[in-house]
Amino acid sequence: MTANDEASMKLLHIDSSILGDASASRHLTKGAVERLRAGNPALEVTYRDVAAAPIAHLTRPADVDPDEDSTRALEEFLAADIVVIGVPMYNFAISSQLKAWVDRILVARRTFAYGPEGVSGLAGGKRIILAVTRGGFYGGETGRAEEYAESYLRAVFAFIGITDIQVLLAEGLLFNPAARDETLTRALASGSFAS
Ligand SMILES: Cc1cc2nc3c(=O)[nH]c(=O)nc-3n(C[C@H](O)[C@H](O)[C@H](O)COP(=O)(O)O)c2cc1C
């Protein structure tokens, strides 16, 4: 990477927790962005809070007739080299606000294409960091079958051609609230933030 490339790196930071300042995923995304910024002070950061400023649900196909939410969310995403996303687990899945954002970035002919060979991803080359937070534990066999947040987003980003996906995982936050700080510190320490 040249000095010029580094100077023009763009990061998109997305939060989706409904818990405001008490949010664990907001803590992790903030920490991740701070660390990435420390490694590259010229990083251009765009922030989107889909809980505070919700994106409307789709009412028509974004590939056929994009509205302002679709255009802006998609252009921000396409411009980003790194995307840091807060992924709180609500009712086994991602927040509905984050789902509304996903609906704006999975757009035929922009981030994926159908062809005779099947689907090809058009958004490769980005780096994704998912800050996944959940109250329980989902590492066991039963847990894995009930986990629709991290697994869903892995499928979404693989579908559009992104292979560089890092997960900062803080789980058991409600089972063991006394260990919250330690759990969050460990999740951040598990990350690799070199640019
Ligand atoms: C509406 C709601 C639903 C939740 N559903 C689950 C769940 O299905 N599984 C789980 O492990 N934790 C669940 N939790 C706990 C959250 O995952 C936990 O509080 C986590 O910290 C959320 O991330 P946040 O603090 O960034 O919002 C739920 C919390 C809320 C508020």
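Expressed in nm to one decimal, what extension gain is obtained for the pair Tyr114 and Ala158 from 0.36 nm per residue of sequence separation less their Cα-Cα distance?
So the extension gain works out to 14.4 nm.
What does the highest-first list of 84-96, 119-131 look like by mean Cβ count within 10 Å?
Highest to lowest by the protection proxy: 84-96, 119-131.
For the stretch 31-37, just list the computed ³J(HN,Hα) in residue order, Karplus coefficients 6.51, -1.76 and 1.60, θ = phi - 60°, integers in Hz, with x standing in for Gly and Pro.
Along the stretch 31-37, the couplings run x, 5, 5, 4, 5, 5, 5 Hz.
Restricting to DSSP H runs of at least four residues, report the calculated mean residue ellipticity at 222 nm for the chain, -39500 (n - 2.57) per run over all residues, nearest 500 deg cm²/dmol. Walk me through the intermediate numbers first.
Values: 7 runs with 68 residues, N = 195.
After summing the helix terms and dividing by residue count, I get -10000 deg cm²/dmol.
Using only alpha carbon pairs under 8 Å that are at least six residues apart, calculate the relative contact order of the stretch 3-189 and give it in whole percent.
After rounding, I find 23 percent.
Work out the FRET efficiency for Ala194 and Ala79 from their Cβ-Cβ distance, taking R0 = 22 Å, and round it to the nearest 0.05.
The formula returns an efficiency of 0.55 here.
How much length would be gained if the chain were fully extended between Gln166 and Asp63, taking 0.36 nm per residue of separation minus their Cα-Cα distance, in nm to one decimal?
Result for the pair: 34.3 nm of gain on full extension.
Taking Lys30 as the anchor, which aspartates and glutamates have their alpha carbon closer than 15 Å to its alpha carbon, excluding any fewer than eight residues away along the same chain?
Asp15, Asp21, Glu44, Asp49, Asp181
Classify the stretch 56-195 as rounded, prolate or oblate, taking a ≥ b ≥ c as the square roots of the eigenvalues of its Cα gyration tensor: rounded when a/c is under 1.5, otherwise prolate if a/b is larger than b/c and oblate if not. Show your work: numbers first, answer last.
On the way: a/c = 1.97, a/b = 1.78, b/c = 1.11.
Judged from the Cα gyration tensor, the stretch 56-195 comes out prolate (a/c at least 1.5, a/b above b/c).
If I model a spin label as a point 7 Å beyond the Cα along the Cα-Cβ vector, how far apart are those points for Leu122 and Asp21 in nm?
Those two pseudo-labels are separated by 4.4 nm.
For the stretch 124-190, what does the relative contact order come out to in percent, with C-alpha contacts under 8 Å and a separation of six or more?
Here the relative contact order equals 46 percent.
Only counting other Cβ atoms within 10 Å, I'd like Thr59, Thr163 sorted with the fewest neighbours first.
Lowest to highest Cβ neighbour count: Thr59, Thr163.
First check a/c for the stretch 65-133, with a ≥ b ≥ c the square roots of the eigenvalues of its C-alpha gyration tensor; if it is under 1.5, answer rounded, and if not, answer prolate when a/b is larger than b/c or oblate otherwise.
Details: a/c = 1.59, a/b = 1.48, b/c = 1.07.
Cα axes put the stretch 65-133 in the prolate bin.
What does the charge count around Gly125 come to, taking other residues whose C-beta lies under 11 Å from its C-beta (Lys +1, Arg +1, Asp -1, Glu -1)?
The answer is 0.
Kindly identify the stretch 44-105 as rounded, prolate or oblate by the Cα gyration tensor criterion: order the square roots of the eigenvalues as a ≥ b ≥ c, call it rounded if a/c is under 1.5, otherwise compare a/b with b/c, prolate if a/b is larger, else oblate. Let's see the in-between values first.
On the way: a/c = 1.93, a/b = 1.11, b/c = 1.73.
Cα axes put the stretch 44-105 in the oblate bin.
I need the peptides 145-157, 24-36 ranked by packing, meaning the mean over residues of other C-beta atoms within 10 angstrom, with the highest value on top.
Top to bottom by mean Cβ count within 10 Å: 24-36, 145-157.
Where a number appears in this text, it was derived from the coordinates with a stated rule and is not lab data. Since the structure is predicted, the reported quantities are computational estimates derived from the model, not experimental observations. Reconstructed Cβ throughout: ideal geometry from the backbone, glycine too, with neighbour counts over all protein chains shown.
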